[in-house]
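The values are calculated or read from the model by the stated rules, or taken from the named source; none is laboratory data. For clarity, every value in this text was computed on a predicted model and none was experimentally measured. For neighbour counting, all protein chains shown are included, and Cβ atoms are generated from backbone atoms with ideal geometry for every residue, glycine included.
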Amino acid sequence: MPITKISCDELLELREKLPVLDVRSPGEFQKAHIPSAFSFPIFSNEERHIIGTTYKQESREKAIKIGLDFFGKKMVPLVEEAERVCADKKKEVIVHCWRGGMRSAAIAWLLDLYGFKIFLLSGGYKGFRRWVVPQFEKDYNLMILGGCTGANKTGVLTELENNGELIIDLEKLAVHKGSAFGNLDLMPQPSQEHFENLLALELYKKTKSDKPVWLESESQRIGLINIPFSFHKKMVAAPLFYLDVPFEHRLALLVKQYGVYNKEKILNAIVRITKKLGGLETKTAVNALLEDDVASCFSILLKYYDKLYYRSLESGKKESRKIIEVPANNTDAKLNSNLILNYVSTN
């Protein structure tokens, strides 16, 4: 069967139907990869290092011979792994390495020999990254959901999606809920590069439709991740639907959501914002927490975050950003999503 070379645009369509085999080393894959791709390394991290060192210090030919020796011992296991990946599917796969060089060519040759239909990504993962970066420069029809901390914006986004709206959950992609308290679960965040890959593909999928895309209002930084500057600039210029939920309801939700965490995690998060919160407020919040008065502790923290949010809201008004205030009586996501949609249809 002939090996078919494909462009990145063709990859974007085919990856919905066919497995993508990333033949780079595990370390390269772990750093960042094409979302939904399978790690299918032709060389281990150590083997790749040996080959690279030989190439630099001795010769290309010697490095190739060492690579062939490593590869030869893995041919049968690699074929069997490809069969496992393609279980219950046609024997068709997309293959790529870093830039479409010898590693992907070797795997393509092997699997083609065994009877697989091979689609080889021209330019490899590097070519995919050349596609990713410009996505953040494009114009998008964005709607931004705003509101102070505790307004249950993520819940509202979910309900908007249930109502057929298009959403991108940036906090889900970043594996972080925002603020100093956004990673109390201690879940590892993706690398910056992989976050960009995920976001670019979400934008690509969502903007196939003419409908607007809803995102939660975010600062440019989510934990350790930065929203690409050019895209964040578009977010802060887009219409903002500000969900105005009373303080006491937001506080009750935060106590329910975060009060379950052990005190040490919460204390560590408070310490991280000590300079901004101020010595006295920090001490008062910590003491309240130690005395099991979670509501008083979170009340101090919520007032701090409210000040930050109101400041950003005023900044947006000064820059003539369209801000639609949506009064809400509570944090009920379903009710508030309907309120938002009613305001969209009348504004």
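When segment 271-294 is filtered for residues that are hydrophobic (A, V, I, L, M, F, W, C) and surrounded by 15 or more Cβ atoms within 10 Å (Cβ to Cβ), the ones remaining, listed by number, are ILE273, LEU277, ALA285, VAL286, ALA288, LEU289, VAL294.
Residue under question is GLU16, and the condition is that it be surrounded by fewer than 18 Cβ atoms within 10 Å (Cβ to Cβ) and either in a helix (DSSP H, G or I) or β-branched (Val, Ile, Thr) (or both); does it hold?
On the way: surrounded by fewer than 18 Cβ atoms within 10 Å (Cβ to Cβ): yes; either in a helix (DSSP H, G or I) or β-branched (Val, Ile, Thr) (or both): no.
No, not satisfied.
For segment 178-194, a residue qualifies if it is at pLDDT below 95 and among the small types (Gly, Ala, Ser), and the qualifying residues are GLY178, SER179, ALA180, GLY182. Within segment 155-194, the residues that satisfy the criterion of being surrounded by fewer than 18 Cβ atoms within 10 Å (Cβ to Cβ) and closer than 25 Å to SER209 by Cβ are GLY155, THR158, GLU161, ASN162, ASN163, GLY164, ASP169, LYS172. Look at LYS73 and say whether it is closer than 30 Å to GLN192 by Cβ and loosely packed, with under 12 Cβ neighbours inside 10 Å. Judged against the criteria, LYS73 is not a match.
Scanning segment 200-223 for residues that are over 13 Å from THR154 (Cβ atoms) and among the hydroxyl-bearing types (Ser, Thr, Tyr), we see that the one that is surrounded by the fewest Cβ atoms within 10 Å (Cβ to Cβ) is SER209. Which of the residues that make up segment 99-121 are at pLDDT below 95 and under 25 Å from the mean Cα position of the chain (by Cα)? Passing the criteria: only ARG99.
For segment 99-116, the criterion of being in contact with a helix residue (DSSP H, G or I) (Cβ under 8 Å, 6 or more places away or on another chain) and either on the phi > 0 side of the Ramachandran plot or in the same structural domain as PHE247 (by TED's automatic domain parsing) (or both) is met by at least one residue.
Going through ASN268, ASN226, ASN197, ASN262 one at a time, which residue ends up being buried (at least 18 other Cβ atoms within 10 Å of the Cβ) and either in the same structural domain as GLY155 (by TED's automatic domain parsing) or modelled with pLDDT of 95 or more (or both)? Steps first, please.
Details: ASN268 fails: buried (at least 18 other Cβ atoms within 10 Å of the Cβ); ASN226 fails: buried (at least 18 other Cβ atoms within 10 Å of the Cβ); ASN262 fails: buried (at least 18 other Cβ atoms within 10 Å of the Cβ).
Residue meeting the stated conditions: ASN197.
Checked against (1) surrounded by fewer than 19 Cβ atoms within 10 Å (Cβ to Cβ); (2) assigned to a helix (DSSP H, G or I), LEU254 meets all criteria but (1).
What pairs can you find where one residue is in segment 99-119 and free of Cβ contacts under 8 Å to residues at least 40 places away in the same chain, the other is assigned to a strand (DSSP E or B) and surrounded by fewer than 19 Cβ atoms within 10 Å (Cβ to Cβ), and their Cβ atoms are less than 8 Å apart, with a gap of 6+ or different chains? That search, which allows pairs on different chains as well, returns nothing.
A quick yes/no check of all residues on (1) under 16 Å from CYS148 (Cβ atoms); (2) at pLDDT 85 or above; (3) of a type in the set (Lys, Arg):
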{"site": "TYR242", "(1), (2), (3)": "yes, yes, no"}
{"site": "PHE247", "(1), (2), (3)": "yes, yes, no"}
{"site": "LYS256", "(1), (2), (3)": "no, yes, yes"}
{"site": "THR274", "(1), (2), (3)": "no, yes, no"}
{"site": "GLY278", "(1), (2), (3)": "no, yes, no"}
{"site": "TYR305", "(1), (2), (3)": "yes, yes, no"}
{"site": "ARG311", "(1), (2), (3)": "yes, yes, yes"}
{"site": "GLU319", "(1), (2), (3)": "no, no, no"}
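Flag: ILE50 matches the condition of being over 20 Å from GLY124 (Cβ atoms), part of a helix (DSSP H, G or I), hydrophobic (A, V, I, L, M, F, W, C) and without any contact (Cβ under 8 Å) to a residue 40 or more places away in the chain. Within segment 292-299, none of the residues are more than 30 Å from the chain's Cα centre (by Cα), in the same structural domain as ASP185 (by TED's automatic domain parsing) and touching a residue at least 60 places away in the same chain (Cβ under 8 Å).
Is it the case, given these coordinates, that LYS153 is in contact (Cβ under 8 Å) with a residue 60 or more places away in the chain, assigned by TED's automatic domain parsing to the domain that holds LEU289 and within 15 Å of ASN336 (Cα to Cα)? Let's see the steps before the verdict.
Numbers: in contact (Cβ under 8 Å) with a residue 60 or more places away in the chain: yes; assigned by TED's automatic domain parsing to the domain that holds LEU289: yes; within 15 Å of ASN336 (Cα to Cα): yes.
It is true that LYS153 is in contact (Cβ under 8 Å) with a residue 60 or more places away in the chain, assigned by TED's automatic domain parsing to the domain that holds LEU289 and within 15 Å of ASN336 (Cα to Cα).
Going through SER209, SER191 one at a time, which residue ends up being in the same structural domain as GLU314 (by TED's automatic domain parsing), over 22 Å from TYR242 (Cα atoms) and either in contact with a Lys or Arg (Cβ under 6 Å, 6 or more places away or on another chain) or among the basic types (Lys, Arg) (or both)? Please lay out each step first, then the result.
Working: SER209 fails: either in contact with a Lys or Arg (Cβ under 6 Å, 6 or more places away or on another chain) or among the basic types (Lys, Arg) (or both).
So the residue among SER209, SER191 that is in the same structural domain as GLU314 (by TED's automatic domain parsing), over 22 Å from TYR242 (Cα atoms) and either in contact with a Lys or Arg (Cβ under 6 Å, 6 or more places away or on another chain) or among the basic types (Lys, Arg) (or both) is SER191.
From the list SER44, SER39, the lone residue that is within 21 Å of LEU121 (Cα to Cα), in contact with a Pro (Cβ under 9 Å, 6 or more places away or on another chain) and of a type outside the set (Phe, Trp, Tyr) is SER39.
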